[in-house]
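Take a look at the structure below.
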Amino acid sequence: MADNILVFYGSYRADRMGVRLANHVVEGLRSRGADAELVDAKAVDLPMLDRMYKEYPKGTAPAAMEALAGKIRSADAFVFVTGEYNWGPQPGLKNLTDHFLEEWFWRPAAIASYSAGRFSGVRAGTLWHSILSEMGMVVISSTLAVGPISQALNADSEPIGSGGEALQKAFPRFADDLAWWTEAAREQRARKPPPY
């Protein structure tokens, strides 16, 4: 059975560079046999958080929110591709994730960060670790950090230059780590129902 992995990306900018990394991660996971899908916060276009999915009476949530809730519940694992805005997480990605809670529980998550500069979004990635943990996910220790993004991946999401070489070197361990935790969590959920 192929791992069902959702890859979340959250930039709303007109000239989005991080989508290169999101696409690269999706293709990399697919090449390893996973059923990976990109979830683009801009395309989903949820409103600024007013009510969480669980706060809507059954059957009354907006269609995009309902569809995404179903995808999240059926996923085996998640990857969050995040840029860094003023040392913090992207508001678009944070807004999307905050619409849900129990839907995330008991699955592993991985973080891939990027920036236009040499810090590669690691400050936002570090923040996402605690955010995702609080939301009920097990965050794997392996991360990807890519920067400068425009010098590591071209417009077709293909690795270029020394940054691309570093990404290609880091990706197998990242994917192996996620696959191990994905299998472990799936088998544990099948063996024993989660405690809540």
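The numbers here are math on the coordinates, done by the rules we state, and not lab data. Everything quoted here is computed from the prediction, not taken from an experiment. Here Cβ is always computed from backbone atoms with ideal geometry, including for glycine, and neighbour counts include all displayed protein chains.
Highest first, please rank the peptides 115-126, 177-188 by the mean number of other Cβ atoms sitting within 10 Å of their residues.
In decreasing order of mean packing, 115-126, 177-188 become 115-126, 177-188.
Taking the Cα centre as origin and putting +1 on Lys and Arg beta-carbons and -1 on Asp and Glu beta-carbons, what dipole magnitude results for segment 4-191, to the nearest 20 debye?
Computed about the Cα centre, the dipole is about 180 debye.
Computed over the chain, the per-residue total of -39500 (n - 2.57) for DSSP H runs of n ≥ 4 gives a 222 nm mean residue ellipticity of -13000 deg cm²/dmol, rounded to 500. Over all distinct Cα-Cα pairs of the chain, the Kirkwood formula returns a hydrodynamic radius of 16.9 Å. Extension gain for S150 to D50 (0.36 nm times residue separation, less C-alpha to C-alpha distance): 32.5 nm. Could you give the distance between the Cα centres of segment 1-18 and segment 132-196, to the whole Å? Segment 1-18 and segment 132-196 have Cα centres spaced 12 Å from each other.
State which helices in the chain qualify, where a helix is a whole DSSP H run, it must extend 20 Å or more along its own axis by its Cα atoms, and its mean Kyte-Doolittle hydropathy must be at least -1.0. Helices meeting the criterion: 161-191.
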